[in-house]
Structures are given as C-alpha cells and as structure tokens.
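Only one structure is covered here, and it is reproduced in the block below.
Just so you know, all these numbers are worked out from the coordinates, no wet-lab data involved. As the structure is a computational prediction, the values presented were derived from the model and not from experiment.
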Amino acid sequence: MSGLINSAGSKSGVIGITELNYEEGEWTPVVANLNDAVITIYDADYRVFGDLVIAHFAILINSTSDASAINLSFPFTCNVLSGSGSYQGGFLTYNNSGQDIAPVISAGASTAHFFTSSGGYGSYVGHSTDVLSGTVIYIRA
C-alpha cells in the first residue's frame, strides 16, 4: 500500500502533495542458532513509513535446554547508518521472565539478538517457557 498526503510538503515539483511509501503486513519470525529451541508465534506484524520500519512481535519460547543466544529474524535488513554505531533496536513491552533484555539488530542484518542489561546475550534456556512481546524500530536498507 502506498499513499499521498495532501498539504504535507512538496515533491517532484507538485506543491501540496508529498508521496509517502507505506506498507504493512505480517512476517514469520525464524529463530537461528537453534538446537532444540522452538517458538510459538502469537503475533508478528510490521509497518513501513518510507524506510522506517516498526515491527511488533509476540512469541513464546517453548521449553528448551538450548543455551544458544536468542536470534530472531525481522522482515527487512537493517541499514548501515553513519555515525549511529552498529546497532538499531527496540524494547520489550512484556517479558514474563523478570530478566531485562532488549532486541538489537546489527547494521546490515535482518536478525536481532537479545541483549541483557549487563551486556550479555539472552539465551533460549534462560527464557524457556517465557513470552516475549516487543517492538523494534529501525531504518531498512
């Protein structure tokens, strides 16, 4: 879906009309570094405004003993922005584990790692049977 916003600015010499690329949809998150970890997807949808992606997810990490770092795919590749460091990310709005973790996408990647507040990686076993619901906001490539 794309659209025009009236009276929002100027583009292509037409005063009063600005083109705005807009898209929305769902995606199927995939986990990587996966041994016996399995996720149940409750929700995975996104909105794109120009090159800005807002992706929401809600997953359950099923019972597992897999100690690998959580690595969840997102619908678009993250852009490399000069001066912004190597990462873009988001936040969890719900996390029933009690551990403070946040999804972070590396520049040039389409997957997020979940970092703990102490700087380590969140693991599948550390969030076994946990529901993680959050939002990642990033600029796509």
May I ask for the Kirkwood hydrodynamic radius of the stretch 22-139, worked out over all distinct Cα pairs and given in angstroms to one decimal?
14.2 Å
Any chance you could run the full-extension gain for residue 65 through residue 28? It's 0.36 nm times the residue separation minus the Cα-Cα distance, nm to one decimal.
11.0 nm
Please state the relative contact order of the stretch 32-141 as a whole percent: Cα pairs under 8 Å, 6+ residues apart?
36 percent
